[in-house]
Every structure is written in C-alpha cells, then in structure tokens.
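Worksheet for the structure shown next.
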Amino acid sequence: MNYKKLASLLLAGWCLTVLASLGWNTKHTQQEHLHFLRDTARLIFDHVTLVREWNANHGGVYVPITESSPPNQYLEIENREIVVNDKLTLTMINPAYMTRQIAELAKQSNGIQLHITSLNPIRPSNKPSTQERVALLEFEAGDSEEFSRLLADKNGYRFFYMAPLLTTQACLRCHEKQGYVEGDLRGGISVTIPDIHPAPIQGIIIGHCVIGIIGILVILTLAQKLSESYEKVRQQSIIDVLTGIPNRRHFIDRLATEYRRASRNSTPLTLLITDIDHFKQYNDSLGHLEGDQCIVIVAKTVKASLQRGGDLCARYGGEEFIVILPNTDTAGGEKVARRIQKNIAALEIEHPDTPIGEHITLSIGLATDYRDYPSQYNLIKRADEALYRCKQLGRNRIESNDHDNTDNSKS
C-alpha cells in the first residue's frame, strides 16, 4: 500500500475541507455583520419615521424661534409663525424640518448621518447624493423596499442604508401642490453609520489555521505510524523469525525478479543451495536449542560471506539456505561457495556425531543459467539436484549443475 499517496490524498482532502469551512464561516460572519448593521440602521430609520408620524398626526408642532430653529422658508402654509407676545414668536416644525434637526443632533452625538431626500425636493439641500439617487430609482421602479451598501472611503468603511417615504394624508398639506397623491413615493431617508470595522474574521482565520495545522500533524503522524506498522508487518512476512534473514517467500519473489532481469539482459544468474551436514544428528545429540543456535550462526556467516549488495541469502527450510548471485557465472558462484565453506570451517562449531570430522560442515549445490533461461523453478531444481549429489558423494563439498555444461565441478 502506498501510504505516501494515501497521506497526500488525506492532506489534500483535509486542506480542502478546512479551506471550505474557512470560506463558509468567513462569508457567514460577513453576512451576519451586514445583517447586524442593516438591522441597526433600520431601527434608527423606524424611530425617525415614528417621530415624523407623531409630528404629522399633530399637523406639525410649534417651537420658539431661536438661532438653531429659525423659520422654515420653504414651508409655505398659513400660520407658519405665531406671535405670542413681544418676546416670544413660535414657528412651525413640520416632519421634514424635525428630521433635519434630529439629523444634526445625531451627527453631533455619535456621528450617524441622517438625510431626508427626494428626486423632486423642495429644499435644495435635500437633493439626493449618488447612492441616494440609485436607491430612490430602485424604490420608484419597485425593485426593492430598502437599500444598503458597505462603502469604503479614505477613512475606512461606512454603512449606507436607505428606505422609502410614502405620501400619507398628513403629507399632502405641504406636498399636494407638487402633484403627489396618497401612496406615492415621496422620497426617502438615508442612514449612514461611519467608522465601520470590517467583519471580525481574524479569529476565524487564526482558528482555522490552528485546526488545519493540527489536522495536518495528526494525518502525518498517523500516516507515519501506519507506514511503520505496515513495514513491520511486511518485514515479518519476508524475514525468517529465527535467523533474521529473508525467508523462502521473499526468496521466491526476489528470484523471479532477478530471473526476468537476467533473461532480459542475457546475464548469468547463479543459485546456491546449502545444507548443514548431518544436522539431524547434531539436534539429537545437543537438543533443539543448540540446533537453533547453530542455524542462526550459520545463517549469519553465509550472509556475511556475500560481498555484493545485490546478492541475497535466504533460509530455504530447516537447515537449508539458498543464495542468489545475480550477474555471476559458474566460476564466480563456485568462488562464493568456497568462501562460505571456508568461513563456516573457521567457526569450528563442534559436531559430536558426524562421520566426516569434528565440526559443522556445509554441502553446497550450484546451478547457473546464462544462455537460455527455461524458468526459475528449473534453476532451483538443478541446484537441488547438485546438492543431492553432494550428499551422495560424501557431503562437505560443492557440486555444480551448469545448464550449458553438465560436467560436475567438485571441491
């Protein structure tokens, strides 16, 4: 199993999930932020229209003329001013005038800007701005019942909101001469909230980055542990438990690979099968524990006798070991076989019940393919036949079964 590919897919999936979550949460937070601003502006608008309705229902209200409340020169009605006495004169405050005064107070208090406007204003200062004109045209076309935008300027962000004002019966007192009838769109009131901070998405970004990094670390850790576990299981499946060298299963797989390579490149391939001579008697005399220890020592010695990285020593079964020698002819194989026998002899492992000496010895059967390549199983069979001849001829020797030369080599 390719755990790197799996880890890459999991990492890609995790990153896409985190990015999708970040995008959704960022968008949702920004939408909620705009909803909050819209609700706030709508509440201000509703309060202003409520005060206007109170004013209109009373036909306007009178206040003393002061510097901040001079007579409204654009209000053309009878009894616009009432002289109470020599010191007190009252002037009428109609809904529009009251809206402008509320706007002045709001701007001084918290910076919120209110503006009453119309496409056909009586008062020049009520002329609509660009945004207000866009909103009024949408209202007039019936495209929307309210208008809002988050606008950027050199000082930051400001939120613009506007809703329409419809002509009521009380409004006709001042606006009937302009041609309005009850229910007509007369204009609107805009609410601008300054110094708006962007939606608080920094925490969302940081949180998703932290979660993303933690997830990546978890995936990498799990992938590493899975890879290690898989490698451990794989090693257990191809490594002989007793000796620590490759087992027969791994040998078969490796031989197939080397045989294909040798056949493709027309290079010689040599196989050695070794057997510990009279090992049954060794086991019977010293016991299975000593027998296992002997197998381990012989396995390590055979493996250490191989001088190239591409050579392979595996346990073939019981006290038999098998060696693959790629790109090696018969002469080279016999040289390796003699080295193995020499190194085993140097160990001087005592054998209490052997008819051929006092120490452990090896018989080695050798086979080589280097002109035609029938099959790897044929190569194993010929090496095994050579080993059988070793046993027939007295053991502790090397016999070769060359595919192109049937003469036996002995040593």
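Observations, loosely collected:
- Scanning the range 306-328 for residues that are part of a loop (DSSP other than H, G, I, E, B) and either outside the structural domain of residue 260 (by TED's automatic domain parsing) or within 16 Å of residue 365 (Cβ to Cβ) (or both) returns 318, 319, 328.
- Number of residues in the range 265-295 that are within 25 Å of residue 381 (Cα to Cα) and in a helix (DSSP H, G or I) equals 4.
- Residue match in the range 53-76 (condition: farther than 26 Å from residue 191 by Cβ, among the aliphatic types (A, V, I, L, M) and assigned to a strand (DSSP E or B)): no
- The number of residues in the range 78-118 being within 60 Å of the chain's Cα centre (by Cα), in a loop (DSSP other than H, G, I, E, B) and closer than 22 Å to residue 53 by Cβ comes to 2.
- Residues in the range 359-390 that are farther than 18 Å from residue 319 by Cα and of a type in the set (Asp, Glu): 369, 372.
- Top-ranked residue of the range 54-75 - restricted to ones that are surrounded by fewer than 16 Cβ atoms within 10 Å (Cβ to Cβ) and in contact (Cβ under 8 Å) with a residue 40 or more places away in the chain, ranked as nearest to residue 126 (Cα to Cα): 74
- Number of positions in the range 344-354 that are under 13 Å from residue 285 (Cβ atoms) and either in contact (Cβ under 8 Å) with a residue 12 or more places away in the chain or touching a Lys or Arg at 6+ places or on another chain (Cβ under 8 Å) (or both): 5
- Test: residue in the range 328-341 that is among the polar types (S, T, N, Q) and under 50 Å from the mean Cα position of the chain (by Cα): yes
- Candidate set from the range 20-50 (those that are within 21 Å of the chain's Cα centre (by Cα) and in contact (Cβ under 8 Å) with a residue 40 or more places away in the chain); member that is surrounded by the most Cβ atoms within 10 Å (Cβ to Cβ): 22
- Exactly one residue among 114, 90, 119, 75 is touching an Asp or Glu at 6+ places or on another chain (Cβ under 8 Å) and under 19 Å from residue 165 (Cα atoms), and that residue is 119.
- So residue 64, is it in contact with a Ser or Thr (Cβ under 9 Å, 6 or more places away or on another chain) and more than 23 Å from residue 148 (Cβ to Cβ): yes
- Test: residue in the range 246-253 that is in contact with an Asp or Glu (Cβ under 7 Å, 6 or more places away or on another chain), in a loop (DSSP other than H, G, I, E, B) and either of a type in the set (A, V, I, L, M) or touching a residue at least 12 places away in the same chain (Cβ under 8 Å) (or both): yes
- On inspection, residue 149 passes the criterion of being among the charged types (D, E, K, R), part of a strand (DSSP E or B) and closer than 23 Å to residue 44 by Cα.
- For the range 361-396, a residue qualifies if it is in a helix (DSSP H, G or I) and of a type in the set (Gly, Ala, Ser), and the qualifying residues are 383, 386.
- Qualifying residue in the range 171-179 (condition: outside any helix (DSSP H, G or I), without any contact (Cβ under 8 Å) to a residue 12 or more places away in the chain and surrounded by fewer than 14 Cβ atoms within 10 Å (Cβ to Cβ)): yes
The values are calculated or read from the model by the stated rules, or taken from the named source; none is laboratory data. Given the structure is predicted, the values throughout are model-derived calculations rather than measurements. In this analysis, Cβ positions are derived from the backbone assuming ideal geometry, glycine residues included, and neighbour counts consider all displayed protein chains.
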